[in-house]
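The structure appears below as structure tokens.
The values are calculated or read from the model by the stated rules, or taken from the named source; none is laboratory data. Because the structure is a prediction, the values reported are computed rather than measured. No Cβ is skipped: glycine too gets one built from the backbone with ideal geometry, and neighbour counts run over all protein chains shown. Only protein heavy atoms, including side chains, enter the accessible area calculation; ligands, DNA and RNA are left aside. Shrake-Rupley method; radii C 1.70, N 1.55, O 1.52, S 1.80 Å.
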Amino acid sequence: TMYSLYGIDAADFSVAYEAWQQSIHPSDIEVAETTLKSALAGDRPYDTEYRIVWPDGTVRNIRAIAAVERNSLGMAQRMVGVNWDITERRQMEARLRQAREAERSSVARELHDAVSQTLSSAGIIAEVLPTRWERDQKEGRKRLVELASLTHGSQEDLRALLFELHPATLAEKE
């Protein structure tokens, strides 16, 4: 029943609407009321999600869909629908978002470390290259080849890590 879904005893409430209204999370009540009134007015279907608070303080997520039954004059008489608890789905979605963020952070750290180390090495070589070149062109060429190799390696590392960050939806569109 709706009462058990909302964690309340039917004997404590004489009207289902009163039980519903008192169970809505304070941050969601305004939107929930507006959505309900809009459906009753015939402006849009009743298809919504909101949080409820059980008497013990437990917060649950609810999905609600209903049809408004109207009389011959088109006035709302009652709502018939279904409510179901989507708390586990919401928790799973939150864990998935956290896992994705952790993975992105990990890839970003790898990118930072790999590129920073390579660029530091390339910077040191580039700094001493003019002096080496003046003293010994053969040694200078060797350092220039090393610099080019570091630059190309850094580009490859960057491409590989950016590919890991590339959202799958973008890859599918390309």
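Using the rule -39500 (n - 2.57) for each DSSP H run of four or more residues, divided by the residues of the chain, the 222 nm mean residue ellipticity is -21000 deg cm²/dmol. Per-residue accessible area (protein heavy atoms, 1.4 Å probe) orders 28, 113, 12 as 12, 113, 28, starting from the largest.
The phi-based Karplus calculation (6.51 cos²θ - 1.76 cosθ + 1.60; θ = phi - 60°) puts the 3J(HN,Hα) values of the stretch 54-62 at 6, x, 7, x, 5, 9, 10, 9, 10 Hz, whole numbers, x for Gly and Pro. Across every pair of non-identical alpha carbons in the chain, the mean reciprocal distance, once inverted, gives a Kirkwood radius of 22.1 Å.
Across the stretch 80-133, Cα-Cα pairs farther apart than 13 Å form 74% of the total.
Its Cα centre serving as origin, the stretch 42-174 has a Cβ charge dipole (Lys and Arg +1, Asp and Glu -1) of approximately 180 debye.
The stretch 81-128 and the stretch 1-38 have Cα centres lying 39 Å from one another. Across the options 17, 86, 4, the greatest Cα extent toward the positive end of the charge dipole of the stretch 1-91 (unit charges at beta carbon of Lys, Arg, Asp, Glu) belongs to 86.
The heavy atoms of residue 54 offer some 70 square angstrom of accessible surface to a 1.4 angstrom probe.
Using 0.36 nm per residue and subtracting the Cα-Cα separation, the extra length available between residue 134 and residue 58 on full extension is 19.9 nm. Working note: Cα gyration tensor of the stretch 22-70, eigenvalues times five, square-rooted, sorted largest first, giving semi-axes of 23, 10, 8 Å. Gain on full extension, evaluated as 0.36 nm per residue between residue 117 and residue 151 minus their Cα-Cα distance, stands at 11.1 nm.
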